[in-house]
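To start, the structure itself, in structure tokens.
The values are calculated or read from the model by the stated rules, or taken from the named source; none is laboratory data. Keep in mind it's a predicted model, so treat the numbers as computed, not measured. Here Cβ is always computed from backbone atoms with ideal geometry, including for glycine, and neighbour counts include all displayed protein chains. Just so you know, the surface numbers come from the protein's heavy atoms only, side chains and all, with ligands and any DNA or RNA stripped out. Shrake-Rupley method; radii C 1.70, N 1.55, O 1.52, S 1.80 Å.
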Amino acid sequence: MASLSTPTSFLPYHEPGIVKILIQTSLLLALNIVNTIFDRLIFCGLLGQVFIGVAWGTPGAKWLSVETEHVIVQLGYLGLILLVYEGGLETNFRSLKANIFLSVAVAATGIGFPMALSFTLQSLSNATPLQAFAAGAALCSTSLGTTFTVLSTSGLSSTRLGTVLSSAAMMDDVVGLVMVQVISNLGESAGGFKATTVVRPLAVSVGLAIAVPLLCRFGALPLTRLLNGMRISKTGGVVDRVCRGMHTAFVLHTLILLGLVTGATYAGTSNLFAAYLAGASISWWDILHRPSRSQTTPSLQTHQLNPQHEIKQPEGHDPTTLTGTEVFHTYYKTALQRILKPFFFASIGFAIPITDMFKGPVIWRGIVYTILMLFAKLITGVWLVRLDISWPRVHAAKGSSKGGSKGKSKSVPATTTTAQEGIDLSQQPALQETSTGLPPTSETNSPAKFSVPAPTPKINKPLSLYPAAMLGTAMTARGEIGFLIASLAETTGLFSPSGEPSSESSEIYLVVTWAIVLCTVIGPLGIGTLVKRVQRLQEERRAGKSDRSDPLGIWGVS
């Protein structure tokens with residue numbers, strides 16, 4: 001009997017078994033059901049999707065084959081690219097320009113502290129300096145998928161807080177992907193590496209950040225003016241009809257995204273950074289081409305949190321007013337929301353070695369290291385803390401004798417309405433100006449009615465800690481980049497005591513994995529709880545049940 005041979009010129013079609021159908025169907029249903037429930041409760045459905053990935057994948061029940069897991073990882077990464085692209089589409093350039101130095105400060109803090117505190121592993125787990133550096137590289141990044149998911153779910157994407165958070169997370173990601181190249185080279189060369197390994201990804205990232213705006217300014221802008229001139233001269237012509245079509249915008253936006261992602265990958269830098277730039281460049285074109293649409297919302301209007309925040313196409317849709325966000329929601333949003341994004345967070349669950357992590361020494365060391373890494377990211381919120389430091393105003397009556405005002409003096413509080421809890425941060429500069437008086441003088445042109453006997457400076461509590469707490473907790477999630485760097489360091493033998501790859505997980509790798517997992521869980525859980533609390537305060541304020549100002553203040557401005 002002749003043996004059956006497998007064709008090599010084509011892939012034979014075989015109907016999948018009922019067991020595979022049920023497993024894959026249950027995975028998709030569970031990912032979406034858990035996401036809906038967790039989003040309604042604590043605004044972090046991604047957390048449930050990670051646990052579903054653990055349960056269905058290799059770390060848990062092993063219901064999915066390795067080949068299926070690889071496919072899910074690849075599809076999930078497409079979802080991550082689209083998530084970052086969507087974040088770029090919702091970039092507020094006015095807010096980004098106004099807060100660029102603040103974003104750099106937040107990013108630098110979020111990189112420096114984890115790197116510095118990771119050297120405690122030398123005493124905690126007998127790690128070498130090189131191993132401590134690799135651990136710090138894994139923990140210095142911020143999960144872009146988690147960041148943009150939280151911003152989209154909570155409705156904070158276009159706010160000042162969302163701009164600072166997304167840009168700082170993007171900078172951390174660029175540094176994290178530079179670290180990927182460094183760690184990979186360290187493992188391959190057993191301790192030595194070339195300067196080009198570090199310089200090339202960083203230089204390409206900076207070059208890309210400079211080249212894309214220049215290309216938009218000197219390439220896209222003149223071309224747009226040329227096309228508009230052709231459309232005006234021949235209204236209803238072929239060029240006008242093509243430019244009006246939504247399919248045309250879809251094709252152009254997709255080509256921009258694919259072109260930048262492909263070019264950045266071959267150049268040696270982050271394709272996620274390229275996806276963000278693609279979305280941001282399309283957002284810039286939308287604002288420039290249709291300024292009336294981008295300026296319909298007052299600059300100081302407070303952004304209200306919406307648990308089901310979703311941009312919809314306007315009624316009476318006019319093809320000439322298409323934006324990148326509208327095109328994205330028409331063509332990509334459903335597939336991203338229901339399939340690609342759940343697959344991405346499930347793929348993170350595949351990378352958690354849950355069975356190896358529950359060993360006595362590994363558990364307590366992992367928890368201690370997690371506490372340090374939580375602090376290393378929470379400290380970034382300090383940049384949003386604003387203190388009200390007020391000096392009292394002193395007026396002395398003209399020609400008054402010593403003690404002449406005794407019994408007539410009236411003490412005035414050092415601050416006015418700025419001392420009230422929950423004051424609107426957008427009023428802070430004007431209020432501080434009115435509450436800050438001139439130095440005491442002995443003569444004035446008009447009699448003084450009030451005096452303050454003790455000109456002692458008064459430092460009130462921060463006007464609101466919610467923005468700082470939300471920024472710090474959102475930055476704690478490490479996610480995909482952290483797992484990537486840690487897995488790379490483990491597979492190349494950097495975490496191994498012998499310096500060679502091993503079939504068993506090293507203790508340092510498990511400690512680092514504990515920190516990544518707990519930070520990825522605690523971060524979304526914390527930011528979801530804070531968003532729910534802020535939303536309740538805003539609802540009470542709108543209903544007239546509270547006289548406090550918006551808890552986000554200027555950080556909630558769109």
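Which one of Ile100, Ile111 is surrounded by 23 or more Cβ atoms within 10 Å (Cβ to Cβ) and within 30 Å of Leu156 (Cα to Cα)?
Residue meeting the stated conditions: Ile111.
Which residues, taken from region 484-496, are touching a residue at least 12 places away in the same chain (Cβ under 8 Å) and open to solvent by 10 Å² or more (accessible area, probe 1.4 Å)?
Leu484, Ser487, Leu488, Glu490, Thr491, Thr492, Leu494
Got a number for residues in region 465-513 being closer than 30 Å to Arg386 by Cβ and of a type outside the set (D, E, K, R)?
So the count comes out to 14.
Any residue that is without any contact (Cβ under 8 Å) to a residue 60 or more places away in the chain, within 28 Å of Ala474 (Cα to Cα), open to solvent by less than 30 Å² (accessible area, probe 1.4 Å) and part of a helix (DSSP H, G or I) - is there at least one of those in region 49-67?
no
Of the residues Gly526, Gly499, only one is modelled with pLDDT under 85 and open to solvent by 10 Å² or more (accessible area, probe 1.4 Å); which?
Gly499
With respect to Gly88, is the statement that it is without any contact (Cβ under 8 Å) to a residue 40 or more places away in the chain, open to solvent by less than 60 Å² (accessible area, probe 1.4 Å) and either of a type in the set (Asp, Glu) or part of a helix (DSSP H, G or I) (or both) true?
So Gly88 does not fit the description; no.
What pairs can you find where one residue is in region 357-378 and more than 26 Å from Thr109 (Cα to Cα) and touching a residue at least 24 places away in the same chain (Cβ under 8 Å), the other is part of a helix (DSSP H, G or I) and of a type in the set (S, T, N, Q), and their Cβ atoms are less than 8 Å apart, with a gap of 6+ or different chains?
What qualifies is Met357/Thr513.
When you look at Leu208, is it over 19 Å from Gly482 (Cα atoms), modelled with pLDDT under 85 and of a type in the set (A, V, I, L, M, F, W, C), yes or no?
no
Which members of region 345-361 meet the condition of being open to solvent by 10 Å² or more (accessible area, probe 1.4 Å) and not β-branched (Val, Ile, Thr)?
Passing the criteria: Ser347, Phe350, Ala351, Pro353, Asp356, Phe358, Lys359, Gly360, Pro361.
Which residue is nearest to the chain's Cα centre (by Cα), if the candidates are limited to region 11-41 and must be of a type in the set (Gly, Ala, Ser) and either part of a helix (DSSP H, G or I) or under 15 Å from Ala346 (Cα atoms) (or both)?
Ala30
Can you tell me how many residues within region 538-555 are in a helix (DSSP H, G or I) and either touching an Asp or Glu at 6+ places or on another chain (Cβ under 6 Å) or open to solvent by 30 Å² or more (accessible area, probe 1.4 Å) (or both)?
Qualifying residue count, region 538-555: 6.
Let me spell it out: the conditions are (1) of a type in the set (Ser, Thr, Tyr); (2) modelled with pLDDT under 85; (3) not in a helix (DSSP H, G or I), and Thr142 meets all of them except one. Which number is the exception?
Tallying (1) of a type in the set (Ser, Thr, Tyr); (2) modelled with pLDDT under 85; (3) not in a helix (DSSP H, G or I), Thr142 fails exactly one: (2).
Residue by residue, here is whether (1) at pLDDT 90 or above; (2) outside any loop (DSSP other than H, G, I, E, B); (3) open to solvent by 80 Å² or more (accessible area, probe 1.4 Å) holds:
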{"residue": "Leu340", "(1), (2), (3)": "yes, yes, no"}
{"residue": "Ile363", "(1), (2), (3)": "yes, yes, no"}
{"residue": "Gly366", "(1), (2), (3)": "yes, yes, no"}
{"residue": "Ile371", "(1), (2), (3)": "yes, yes, yes"}
{"residue": "Ala376", "(1), (2), (3)": "yes, yes, no"}
{"residue": "Thr380", "(1), (2), (3)": "yes, yes, no"}
{"residue": "Ala396", "(1), (2), (3)": "no, no, no"}
{"residue": "Gly399", "(1), (2), (3)": "no, no, no"}
{"residue": "Ser411", "(1), (2), (3)": "no, no, yes"}
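I want to confirm something. Restricting to region 114-138 and keeping residues that are surrounded by 24 or more Cβ atoms within 10 Å (Cβ to Cβ) and touching a Ser or Thr at 6+ places or on another chain (Cβ under 6 Å), which single residue is nearest to Gly472 (Cα to Cα)?
If we take residues in region 114-138 being surrounded by 24 or more Cβ atoms within 10 Å (Cβ to Cβ) and touching a Ser or Thr at 6+ places or on another chain (Cβ under 6 Å), then Gly136 is nearest to Gly472 (Cα to Cα).
Pairs only if they're at least six apart or on different chains, beta carbon under 6 angstrom, first in region 213-231 and modelled with pLDDT of 85 or more, second part of a helix (DSSP H, G or I) and of a type in the set (S, T, N, Q); list them, first residue then second.
Cys216/Ser281
What do you reckon, is Ser157 in a helix (DSSP H, G or I), open to solvent by 10 Å² or more (accessible area, probe 1.4 Å) and small (Gly, Ala, Ser)?
Against the criterion (in a helix (DSSP H, G or I), open to solvent by 10 Å² or more (accessible area, probe 1.4 Å) and small (Gly, Ala, Ser)), Ser157 does not qualify.
For Glu480, state whether it is open to solvent by 10 Å² or more (accessible area, probe 1.4 Å), part of a helix (DSSP H, G or I) and at pLDDT below 80.
Yes, satisfied.
Read through the list (1) loosely packed, with under 10 Cβ neighbours inside 10 Å; (2) under 30 Å from Arg533 (Cβ atoms); (3) not aliphatic (A, V, I, L, M), then give the number of the only condition that Thr8 fails.
Evaluating Thr8 over (1) loosely packed, with under 10 Cβ neighbours inside 10 Å; (2) under 30 Å from Arg533 (Cβ atoms); (3) not aliphatic (A, V, I, L, M) leaves (2) as the failure.
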